[in-house]
Amino acid sequence: MRFGLPTAAPGSQPCPCLPQVECVDEHQAGRALAEATDLLKLQHANICAYKELFISWDNKISSLFLCLVTQYLDHGDLSSLIKANRQKLKKMEHTVISKFLGQMVDALFYIHKQNIFHRNLKPSNILLTGEASFMLCDFSVETLMTDEVKWKIRVEEDPDSKSWMAPEALCFSFSEKSDIWSLGSILLDMMTCFFLKAGEIMSLLKEIRQDTSSLGKVLTLTQNRDKSYLPLCPVLLMMLKIQPSMRPTAKDLIDSPCIVECLTLAGSPLLKQEKHLPPEIVDVLIEGGIESALKFMQTYHDIEEAQAKAIKHITSLLENESALGYLLRLTRPVTSAMRTHIDSLELQLDGCRLLLDVVGQALEQNLDVEVVVDEDVINSLLKTMRTYSENEELLSLVCTLLMMISISEITAEKLRKAGVISDVLTITSNFLHNEKICASCSGVLWSLASNEVPLTEEVA
């Protein structure tokens, strides 16, 4: 049984990033696979994307494995960064720690809102994606994390593997609060790596599960050695409360001034405040033509309401022949609005409908598609498609758009490079009941084949 899109043909080289978890029997494997399917839906800048999940049988050891195909990243993980700093007795820069904390709180808020818990948060499960940029990976499912036999085997193989776990997690009780404890433990490791040895931090993490008195002493030492860590200490004390009920949630942390600063440094969308337009400004927009609407979109690019009203207004004006002169100028501001306000489903729908009008009229005027649709437009459409991978109405519009623009050889090549083949194959398999979506996806593949874009590697 497989979920997601196959990434390699039988007998081909395995994916370079294929975590495997051994399962006791077929029943456990099936339950674990069912629980893990929610991971395929995760779309977040600081969460490693899951491409496919499947169960595999290993003949050599006669055992079942849950396999999780994830995106491949080769910058190392947080444990290697901490280790390198510890060996050099080097402090972790305050900015790096702040960005890390902002990104992780944002990511945990995202998964907890969907009732998904990481359950095994530790430095080796946080990937480096660049300078001061981090990504969660290796989520665990309840079925496997609460198997006492497997638990004991893992602890015997790596005694320190559970050092970052909350006190209640050691009794197989997992919640959003246990993830917060783990994040606090990692933060403590980062803040003390320049003066605590590896063995000392492991001992401290185990000790504070029962008595946090030693935590205050260590934080005092940390503050004395680096005053920049001072704002983080109260937050850390909250995160490492032994009783889960006393710990904050990710949502609670967002209200902390220290975390707000971290989220700001991380560029978190959680801090985006909703802005509104005065009615008189909207009235001016409605009275103006397309030129006025485009200027309006540029001026109020960060206001969702402004972009939504402008897109609706432009759509109403496209029936006028005088609008033809604006066709080449419409696609970029519309897709920019869609990309900026990706959380608004209504704006995505209206934006796609307007783009269908624009591309349709451009084709009627015999304009080259690549003039109307550039690489930014393509990437925006694919982002919308991937973000709303389960919304049939929106996918129907996007797939129709992709079919229309793929008739151009240049655009078809750009679509292939952007990974559209994998996307349309996944959508087709997920919506076999929707004739319009399947027809559009088939049209895209046909256009790519007709334009001699090689399909072998992606379809294999």
(message) Ser322 - would you say it is at pLDDT 85 or above, surrounded by fewer than 21 Cβ atoms within 10 Å (Cβ to Cβ) and not aliphatic (A, V, I, L, M)?
(response) no
(message) Just to check your reading of the model, which residue among Leu108, Leu128, Leu53 is part of a strand (DSSP E or B) and in contact with an Asp or Glu (Cβ under 9 Å, 6 or more places away or on another chain)?
(response) Leu128
(request) Answer yes or no as to whether Met246 is free of Cβ contacts under 8 Å to residues at least 24 places away in the same chain, farther than 19 Å from His118 by Cα and among the aliphatic types (A, V, I, L, M). (result) yes
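Considering each of Tyr110, Tyr72 in turn, give the residue that is in contact (Cβ under 8 Å) with a residue 40 or more places away in the chain, under 19 Å from Thr264 (Cα atoms) and under 15 Å from the mean Cα position of the chain (by Cα). Walk me through it before giving the result.
On the way: Tyr72 fails: under 19 Å from Thr264 (Cα atoms).
Being in contact (Cβ under 8 Å) with a residue 40 or more places away in the chain, under 19 Å from Thr264 (Cα atoms) and under 15 Å from the mean Cα position of the chain (by Cα) holds for just one of Tyr110, Tyr72, which is Tyr110.
Determine which member of the set Lys251, Lys217 is over 27 Å from Ala84 (Cα atoms), at pLDDT below 95 and not in a loop (DSSP other than H, G, I, E, B).
Lys251
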(request) Could you please tell me which pairs satisfy a Cβ distance under 8 Å, a separation of 6+ or placement on different chains, a first residue in region 300-313 that is at pLDDT below 85, and a second residue that is among the hydroxyl-bearing types (Ser, Thr, Tyr) and outside any loop (DSSP other than H, G, I, E, B)? (result) His301/Ser336; His301/Thr340; Asp302/Thr340
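Looking at Leu367, Leu356, Leu382, Leu328, which one is under 30 Å from Ile427 (Cα atoms), touching a helix residue (DSSP H, G or I) at 6+ places or on another chain (Cβ under 9 Å) and not in a helix (DSSP H, G or I)? Before the answer, list the steps.
Numbers: Leu356 fails: not in a helix (DSSP H, G or I); Leu382 fails: not in a helix (DSSP H, G or I); Leu328 fails: not in a helix (DSSP H, G or I).
When all the criteria are applied, what remains is Leu367.
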(message) I'd like the residue in region 198-242 that is among the β-branched types (Val, Ile, Thr) and surrounded by 13 or more Cβ atoms within 10 Å (Cβ to Cβ) and, out of all such residues, is farthest from His94 (Cα to Cα).
(response) Ile242
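The values are calculated or read from the model by the stated rules, or taken from the named source; none is laboratory data. In this text, all values refer to a predicted model and were calculated from it rather than measured experimentally. A quick note on method: Cβ atoms are made from the backbone with ideal geometry, for glycine too, and the neighbour counts reach across all protein chains shown.
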